[in-house]
Amino acid sequence: MYHNYDAVVIGGGGAGLMSAIQLSPKGSTAVLSKLHPMRSHTGAAQGGIGAALGNLEEDLWEWHMFDTVKGGDYLVDQDAAEIMAQDAIEAVYDLEHWGLPFDRTADGKIAQRPFGGHTRDYGKGIVRRACYAADRTGHMILQTLYQRAIRNRVDFFDEFQVVDICIEGGACHGVVAYEIATGELHTFRAKAVIVATGGFGRMFRVTSNAYSFTGDGQAMVYRKGLPLEDMEFFQFHPTGIRKMGILITEAVRGEGGILVNGQGERFMERYSPNLLDLAPRDVVSRAIHKEVLAGRGIDGKEYVHLDASHLGRDVVATKLPDIQDFCRTYLGIDPAVDPIPVEPTAHYAMGGIPTDVDGQVLADETNRPVPGFYAAGECACVSVHGANRLGSNSLLELMVFGRRAGRHMAEHIVQTDFLELKTGPEERMREELDRLLAGTGSENAAGLRKELREVMMNKVGVLREQKTLDEAVEAVRELKDRYRNVGLQDKGRTFNMELLVALELGYLLDLAEVTALSAAARHESRGAHTREDYPDRDDENWLKHTLAFRTDGGVTLKYKPVNVSFFEPKPRTY
Amino acid sequence: MDVKLRIKRFDPERDDKPHWQEYTVPAEPTDRVLDALLQIKGYQDGTLALRRSCAHGVCGSCAMRINHLNRLACKTLVKDVKQPIVIEPLKGLPVIKDLVVDMEPFFEKFRIVKPFLVNDETPPPTEWRQSIEERARFDDTTKCILCASCTTSCPSFWTNSEYLGPASLVQAHRFIFDTRDRAAAERLDILNAREGVWRCRTIFNCVEACPREINITKAIGQIKKALVYNRF
């Protein structure tokens, strides 16, 4: 089946919906999501969205920009950080005007709370910058955007899995999508396409990420010969529920919660004397890891305690109600009374599809844009997070760059015509899907995925070294070989989730290879990428972005410079 | 431990009518029912169809009937339910396959109540002011994740699928009592219609079913009051 739309948005989360809201008054807009948009992972974000509103104390966007650059260990493109910190304020007010039910201050303004790495006056102390709605800020953002998109009469194609992006003659002019309910393939011709498909934390054993976070957009782009940027930088959030990985928001520490080791010590005093428990996530995750390795985990085990029991029942019940609910449901404890057992959980991809500040996808190390092709949100790399993202900057990135990309696309669609599609872009995909469906191979997708998650967790985790990274690359390649022999039991066309899970596994394997290889090549420690064999940051050789291209021989790595036009890189202490 | 599940299956490509199938899988007592279902799907029977995403109760994908009550499979622990765990799709929506129902009739009713802020005044340069007390009036109904557990547990909805259902009423409540919204009267008119708020017989199934612990019946009561006294 054929469809014509001025613009196609792949993904119904924060970035996708925000771009659709910008686009819909200017041209016909379709949002294609493999889930119903309300199931998107933006809804799982908890603690807040950063913006220097200064509602409770003085705050400046310049300070926010600085914190973002330093938090990213100076791998941040500073022109992008400048735009994000500046646009943040307007973006948050937009959300409020569209109905977002922020918590309120005593004088009726948007409430703000402290978050890790956010400081006043260039690092002098903690500042309240994260705007929040209890501990379900992401849920409220997703709801508000979806409501607004309905009001704008955006066309939704729910449970449509995009399986191919049509790029010909160096420009993008449509997508092919698989309708999950029927097994039918659809071709969407479009003047502009944006990828907003989220992250890929599902390649790690312990993760806060939804099952759907399998990097589909990044992998499809990579398979088109376009690069992926800085894939070695993957954030482990310090406080996931032990073993399950379920996110316990940084807002617990923002509200005053502290981390305690097996000896009852507030160990962050040793690692971050200034910001303590509100140091950036990479610092805290490393600290937990080191405590555990030194035998100072709880009962000598692999976790520590996050203690919020001194905050009082009222604060927990009103500011952190979902956290209380998760703890009761999954741990049988009440965080207003008992400490929460936590360990670092794979949380966020700093790397992704390289874009400029208007969301245009960049094709190479010279930053050549691909006309009509955009990306925003976690799947993109602008790069505002550099080597480590600050908490509350991801929801912000969705809003700021989803908006900018949508606006740029809106201009693009009035200036261009539809390109003629070559015949049958569906046919190639039909063949590939039929081949997967017909597969009688002996390999089981669930088993392969489990092996992949073990490899990535154990060898490409918080602390890394050459030997284990090289082993990870080899192990992933072996899994890729075995993946060719995957067999499916479900041969049907109706809601065949087994087929989709197999496709997703293929995407994850490609991205795992790129992640491990990019990490193996970077011989320094920066942000979330910690090398035990190269413990220091090396600006002389490594102040540069990695670009990974898919080539016949496997993966080719190239590099491009970082924009450091405002803040000179300095040693990063907190 | 081993866990026994009894699952209602239906594949429109193969079956004329639904049938039951039993499975036994290894699980920890603290595992989610969702874990057990995915263990089946991954290692025993790849043809089993279900929706899932976040796996911790915030996305609303995996609402289903577990031992005859609407639950999120990701928020129900194996140790808390009797075996064999009886699993069925939500009641009152057309089944697409196995545990996957067609949600469109549900979302159609959601859209009827104008589920978005209506206010065409020029906004201030910063935020609209709203007191903590004003914000608290609709806090409970902002928690809704549109999982459909409430609506598909409602006997009034089962007997009359035209009824807007509790979830739509929750969405309407969320805007009617928001000081920034200007369409309360319009929404109340919609809810005052034959298939609107008066179909609620205060049976409380929705409150029992809601995985977000929203006091839905209370919210519906506030809507009824607003209609009767023309105050909101």
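The values are calculated or read from the model by the stated rules, or taken from the named source; none is laboratory data. The structure displayed is predicted, hence computed values, not measured ones. As a convention, Cβ positions derive from the backbone with ideal geometry for all residues, glycine included, and neighbour counts pool all protein chains shown. With ligands, DNA and RNA removed, areas are computed over all heavy atoms of the protein, side chains included. Shrake-Rupley method; radii C 1.70, N 1.55, O 1.52, S 1.80 Å.
Which of the pairs A:LYS491/B:LYS79; A:LYS459/B:LYS4; A:LYS467/A:LYS558; A:LYS243/A:LYS570; A:LYS491/B:LYS97 have their Cα atoms more than 25 Å apart in this structure?
A:LYS491/B:LYS79; A:LYS459/B:LYS4; A:LYS243/A:LYS570
Hey, could you get me the Stokes-Einstein D for the stretch B:88-143, Kirkwood radius over alpha-carbon pairs, 20 °C and 1.002 mPa s, rounded to whole µm² s⁻¹?
Answer, rounded: 142 µm²/s.
Sorted by packing (mean other beta-carbon atoms within 10 Å per residue), highest first, where do B:118-126, A:216-224 land?
By packing density, highest mean first, the sequence is A:216-224, B:118-126.
At 0.36 nm per residue, and after removing the present C-alpha to C-alpha distance, how many nm does the segment from B:LYS82 to B:LYS218 gain when stretched out fully?
45.9 nm
With bins 10 Å wide starting at 0, give me the P(r) of the protein assembly as shown over every alpha carbon pair, in whole percents.
Going from the shortest bin to the longest, the percentages are 3, 14, 25, 28, 21, 8, 1, 0.
Going by a ≥ b ≥ c, the root eigenvalues of the Cα gyration tensor, does chain B fall in the rounded group (a/c under 1.5), the prolate group (a/b larger than b/c) or the oblate group?
prolate
Which FRET efficiency, nearest 0.05, do A:GLU168 and A:LEU293 yield, Cβ-Cβ r, R0 51 Å?
0.50
On average, how many beta carbons from a partner chain sit within 10 Å of the beta carbon of a residue in A:100-113?
Across the residues of A:100-113, the mean count of other-chain Cβ atoms within 10 Å is 4.
Taking a ≥ b ≥ c as the square roots of the eigenvalues of the Cα gyration tensor of the stretch A:101-231, is the shape rounded (a/c under 1.5), prolate (a/b larger than b/c) or oblate?
The shape class here is prolate.
Write down, largest first, the equivalent ellipsoid semi-axes of the stretch B:104-231 in whole Å, where each equals the square root of 5 times an eigenvalue of the alpha-carbon gyration tensor.
25, 15, 14
Which FRET efficiency, nearest 0.05, do A:GLU451 and B:TYR229 yield, Cβ-Cβ r, R0 45 Å?
0.10
Post the alpha-carbon centroid distance, the stretch A:294-338 to the stretch A:405-435, in whole angstrom.
Rounded to whole Å, the Cα centres lie 48 Å apart.
Take every DSSP beta bridge whose two residues both sit in chain A, then give the antiparallel share in percent to the nearest 5.
Around 65 percent of the beta bridges assigned by DSSP in chain A are antiparallel ones.
Using modelled amide H (1.01 Å from N, peptide plane; none on Pro or chain starts), what sits under 5 Å from the amide H of B:ALA183, excluding residues fewer than 5 places away?
It is B:VAL118, by chain and number.
Spin-label point model (7 Å from Cα, Cβ direction): what's the A:LEU421 to A:ARG153 distance in nm?
Placing both labels 7 Å along Cα→Cβ, they lie 2.4 nm apart.
Which pairs in the list A:LYS450/B:LYS41; A:LYS224/B:LYS41; B:LYS75/B:LYS114; A:LYS191/A:LYS224 are over 21 Å apart, alpha-carbon to alpha-carbon?
Cα-Cα > 21 Å for A:LYS224/B:LYS41; B:LYS75/B:LYS114; rest within.
Leaving out ligands, DNA and RNA but keeping every protein chain, what accessible area does B:LYS79 have, in Å² rounded to the nearest 10, with a 1.4 Å probe?
110
At q = 0.09, 0.17 Å⁻¹, what is the log10 ratio I(q)/I(0) for the stretch A:427-574, with the Debye formula run over Cα points and no solvent?
Summing over Cα pairs of the stretch A:427-574 leads to -0.39, -0.98.
Report ³J(HN,Hα) in whole Hz for each residue of the stretch A:272-283, in order, from the Karplus equation J = 6.51 cos²θ - 1.76 cosθ + 1.60 where θ = phi - 60°; Gly and Pro get x.
Calculated HN-Hα couplings, in order: 8, x, 8, 8, 6, 5, 9, 5, x, 5, 4, 5 Hz.
Just counting partner chain Cβ atoms within 10 Å, what average do the residues of peptide B:213-221 show around their Cβ?
Mean number of neighbouring Cβ atoms from other chains: 0.
On a 0 to 90° scale, report how tilted helix B:216-229 is relative to the longest principal axis of chain B, with both axes built from alpha carbons and the result rounded to the nearest 10.
Between helix and principal axis, roughly 30 degrees.
Under a point-charge model restricted to the Cβ atoms of Lys and Arg (+1) and Asp and Glu (-1), what is the dipole moment magnitude of the stretch B:5-119 relative to its Cα centre, in debye to the nearest 20?
Charge dipole, the stretch B:5-119, about its Cα centre: 420 debye, nearest 20.
Could you give the nm distance between label points at B:HIS19 and A:LYS243, where each point is 7 Å from its Cα heading toward the beta carbon?
3.7
Mind giving me the FRET efficiency for A:SER442 and A:ARG477? R0 is 25 Å, r the Cβ-Cβ distance, nearest 0.05 is fine.
Step by step, r from the Cβ atoms, then E = 0.85.
Pairing rule first: another cysteine's C-beta must sit under 4.7 Å. Under that rule, which cysteines of chain B stay single?
B:CYS62, B:CYS74, B:CYS144, B:CYS147, B:CYS154, B:CYS200, B:CYS210
Taking the 0 to 90 degree range and rounding to the nearest ten, how far is the long axis of helix A:61-71 tilted relative to the main principal axis of chain A, both from C-alpha atoms?
Approximately 90 degrees, to the nearest 10.
Using a 10 Å cut-off on Cβ atoms, rank the peptides B:146-152, A:105-111, A:14-20 from the highest mean neighbour count down.
Order by mean packing, descending: A:14-20, B:146-152, A:105-111.
Let me understand the stretch A:325-427 better: what is its radius of gyration from the alpha carbons, and its Dmax, in angstrom?
Both quantities, over Cα of the stretch A:325-427: 20.2, 64 Å.
Looking only at other chains, what is the average number of their beta-carbon atoms within 10 angstrom of each beta-carbon in B:124-135?
For peptide B:124-135, the averaged partner shielding equals 6.
What share of Cα pairs, in percent, lie more than 24 angstrom apart in the stretch B:2-101?
Everything past 24 Å amounts to 13 percent.
If a/c stays under 1.5 just call it rounded; otherwise compare a/b with b/c (prolate if a/b is bigger, oblate if not). Do that for the stretch B:36-84, with a ≥ b ≥ c from the square roots of the Cα gyration tensor eigenvalues.
Oblate, because a/c is 1.5 or more while a/b does not exceed b/c.
Compute the accessible area per residue over the stretch B:104-231, keeping the other protein chains in place, probe 1.4 Å, unit Å².
Heavy-atom SASA per residue in the stretch B:104-231 reads 44 Å².
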